[in-house]
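The values are calculated or read from the model by the stated rules, or taken from the named source; none is laboratory data. Treat the numbers as computed from the prediction; the structure is a model and nothing was measured. Cβ coordinates were reconstructed from backbone atoms using ideal geometry, including for glycine residues, and neighbour counts include every protein chain displayed. Please note that ligands, DNA and RNA were not included when accessible areas were found on the heavy atoms of the full protein model with its side chains. Shrake-Rupley method; radii C 1.70, N 1.55, O 1.52, S 1.80 Å.
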Amino acid sequence: MERLNVDSPLDRARTQTEDPRAKTRSNLLPVACANGSLTPSRLASRATERVNCRNNGRSDQNPFLREQERTRCANRGWLARRTAESNPFRETERTRCGGRARPPPPPPSRRPERTKCFARGAPQAPSRPTEKTRCGGGKAVTTGGSIVDCGFSLSSEATQRPDVAPLFIDAVETSGYPGAVERKSFALDGGSGTHLQAPSHYVVGGRSIDRFSIEELVDVPLVVIDCGAPYVDADFVLTPEDIEQDERRHAPIPRGSLVAIRTGWAARHYANRDAYYNVTDWTDIDESTGLARLHFPGVAEGAARLLRDRGVVGVVIDTMALDGPGVSGALRELLQRDAYVVANANLKEELPARGARMTVAPLLVAGAPEAPCRLYARVP
């Protein structure tokens, strides 16, 4: 009789080799436990199931492989959303399943304050007081104190010099711009409203509007020379003696500053064109313009020369020009010595004689000898 080759369970356990997939399945147990698909009560039954399904490699017939496949698919999306660094819940689950918890990250260290020098042991500079800031794109600009607008708005009815064309505003069709409510075009003169005059206005080869540096226009130390505003006569002329008297009363004019000559003329008369022009005799014709002579406060040529000797970057005045009736040469003196002039300014009474800072923001037109500008003063 032929003997059947049937191994007993004991012989089969002695001769059977270890399945390499068993180690892979045992490594995935903590993952399944962390995901919640395997509970501790089912771990014992899985050990028996693993022996019975050891020779069955197909996932559709092996319940353990089906559980493993479902866990892998669930973890793929779960791990994409949560990482061990940003999810403390995962760290807790890994610890419960036998993993090692990652220690919490240390608190961020504060950046040390800057010192006066880089030598070790140098004393630290005192902390600066907190200042208000204004956002402008890029970096914030400190604006400690109050900001005073020292210019006039442009409009077709605004007061202009007689030889300056008025501002022209025209509506533009918006059909070519979907969603646009209103569009306008502007035609204006370089001397419209509050405007800056560059050296190229009178000097051949002089600097134009776009060739001034930031240091000459932004946050410049301001010196205000009060001529007795608001009660200044139309024939008043600022002389070098008036400037020296102002320096004795307050302080010397520092080099690199911007000098504002406050007569109060624009504050009183800018809204009234006839009063701002102040034509006293219509038969008195000004040869430089061919129009009736205007009467407003001005600056003597010697005073302009003294200001430039002090090293100022520019002069601001609240009249139509530096050259008043009966005087001339002040504007040319400053422009020939590479300074700029701002006319039609609104120099208010809250501007102190010393201590304020001014920013001049002209319309940046390449090669322009003059252009309208905004004028701001920061009062401490």
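For R249 and Y231, the difference between the fully extended length at 0.36 nm per residue and the C-alpha to C-alpha distance is 4.5 nm.
Taking only protein heavy atoms and a 1.4 Å probe, the accessible area of segment 189-379 is 50% carbon and sulfur.
A quarter of the convex hull surface defined by the alpha-carbon atoms of segment 189-379 gives 10.1 nm² as the mean projection.
Using 1/(1 + (r/R0)^6) with R0 = 25 angstrom and r between the beta carbons of Q336 and A165, what's the FRET efficiency to the nearest 0.05? Calculated transfer efficiency: 0.40. At a probe radius of 1.4 angstrom, the accessible area of segment 237-300 per residue rounds to 54 square angstrom.
Once the chain from S213 to T174 is taken as fully extended at 0.36 nm per residue, the excess over their C-alpha distance is 10.3 nm. Three semi-axes describe the equivalent ellipsoid of segment 248-307; taken as square roots of 5 times the Cα gyration tensor eigenvalues and ordered largest first, they are 30, 16, 9 Å.
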